[in-house]
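Working notes, structure below.
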Amino acid sequence: MKKTVKILSVLCFMIFVPMGSFALFDFNLYGGIPFAGQYDDCNQKFFAKNSVWGASGHLNTDFLGLLQLGLGGFYQKPTATYKAPGASSFGDDFTVRRTMVGIDAYAQLEIPLLPFCPYLRVNTAAWNKVEGDIDSKTENFKRHGVGVGLLFTILPVPGLARIQLFAEYDYEFGKEDGIKVRQNNLFLGVRADIL
């Protein structure tokens, strides 16, 4: 009986786990809104001129067909407007535009028979250019992000590629010229997996 259970378990694992279904490369385009951010002691205005868009790509591998791991890079361009409290050296409202390029990694869980895949993403901005209504500056490795999201496959092309939509919550943190910065983002995007 124990031997039969073991054999059935192995067969179920081989049938229901999509071995080799991971993407060798993936490319992502996304956009969204930053919200509830802080620049020093200044809070972000919610529906001002806030936007964020970006792109990323990864070289991928998988672990037992259940966990897809990717390492690559990202380019991101957020804009946020902040409201200064009372008398501030920044004035009343000020806008900060950033251009970030950096290292991006993610882990995606492939759950058989479910229409979505959850993932975790982490990144660090190797280069971060800050400009706008504040002094322009460029800093390296001082801005970081952590995101969680869901991927939905909308167009599978067997043996070649798959197109997916994704939604992600992203939390960014770090320092810019010694000033503590935090940012929450909501992203919607499209991803192409090259199998």
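Would you kindly identify the strands (runs of 3 or more DSSP E) lying entirely within segment 33-84 that contain at least 3 residues that are at pLDDT below 85?
On the way: elements: 42-44, 51-63, 67-83.
Correct list: 42-44, 67-83.
Return the residues of segment 120-130 that are buried (at least 16 other Cβ atoms within 10 Å of the Cβ) and either over 20 Å from residue 175 (Cβ atoms) or touching a residue at least 40 places away in the same chain (Cβ under 8 Å) (or both); say none if nothing qualifies.
Those that are buried (at least 16 other Cβ atoms within 10 Å of the Cβ) and either over 20 Å from residue 175 (Cβ atoms) or touching a residue at least 40 places away in the same chain (Cβ under 8 Å) (or both): 121, 123, 125, 128, 130.
Is there a residue being touching a Pro at 6+ places or on another chain (Cβ under 9 Å) and either acidic (Asp, Glu) or in contact (Cβ under 8 Å) with a residue 24 or more places away in the chain (or both) anywhere in segment 131-148? Can you show your working first?
Residues of segment 131-148 touching a Pro at 6+ places or on another chain (Cβ under 9 Å): 148.
When the remaining residues are screened for being either acidic (Asp, Glu) or in contact (Cβ under 8 Å) with a residue 24 or more places away in the chain (or both), the result is 148.
Scanning segment 131-148 turns up at least one residue that is touching a Pro at 6+ places or on another chain (Cβ under 9 Å) and either acidic (Asp, Glu) or in contact (Cβ under 8 Å) with a residue 24 or more places away in the chain (or both).
Only one residue in 122, 190, 181, 157 is among the hydrophobic types (A, V, I, L, M, F, W, C) and within 20 Å of residue 67 (Cβ to Cβ). Which one?
Details: 190 fails: within 20 Å of residue 67 (Cβ to Cβ); 181 fails: within 20 Å of residue 67 (Cβ to Cβ); 157 fails: within 20 Å of residue 67 (Cβ to Cβ).
Checking each option against the conditions leaves just 122.
Counting only residues that are among the acidic types (Asp, Glu), give me the strands (runs of 3 or more DSSP E) lying completely in segment 114-184 with at least 3 of them. Break it down into steps so the answer makes sense when it comes.
Numbers: elements: 116-132, 137-139, 143-157, 161-176.
Ranges flagged: 161-176.
Take residue 99 and tell me if it is closer than 17 Å to residue 54 by Cα and either touching a residue at least 40 places away in the same chain (Cβ under 8 Å) or in contact with a Gly (Cβ under 9 Å, 6 or more places away or on another chain) (or both). Can you show your working first?
Numbers: closer than 17 Å to residue 54 by Cα: yes; either touching a residue at least 40 places away in the same chain (Cβ under 8 Å) or in contact with a Gly (Cβ under 9 Å, 6 or more places away or on another chain) (or both): no.
For residue 99, the condition - closer than 17 Å to residue 54 by Cα and either touching a residue at least 40 places away in the same chain (Cβ under 8 Å) or in contact with a Gly (Cβ under 9 Å, 6 or more places away or on another chain) (or both) - is not met.
Can you pull out every residue in segment 85-95 that is crowded, with 16+ Cβ neighbours inside 10 Å and at pLDDT 70 or above?
Selection gives 94, 95.
So, of the residues in segment 109-119 that are under 15 Å from residue 191 (Cα atoms) and either at pLDDT 95 or above or surrounded by fewer than 17 Cβ atoms within 10 Å (Cβ to Cβ) (or both), which turns out to be farthest from the chain's Cα centre (by Cα)? Spell out the reasoning first.
Applying the first criterion (under 15 Å from residue 191 (Cα atoms)) to segment 109-119 yields 116-119.
With the extra rule that they be either at pLDDT 95 or above or surrounded by fewer than 17 Cβ atoms within 10 Å (Cβ to Cβ) (or both), the set shrinks to 116, 118-119.
Values: 116: 16, 118: 12, 119: 9 Å.
Step by step, filter segment 109-119, then rank; the result is 116.
The values are calculated or read from the model by the stated rules, or taken from the named source; none is laboratory data. Only a predicted model underlies this, so the values are computations on that prediction, with no experimental measurement involved. Quick reminder, even Gly has a Cβ in these numbers, built from the backbone with ideal geometry, and neighbours come from all protein chains shown.
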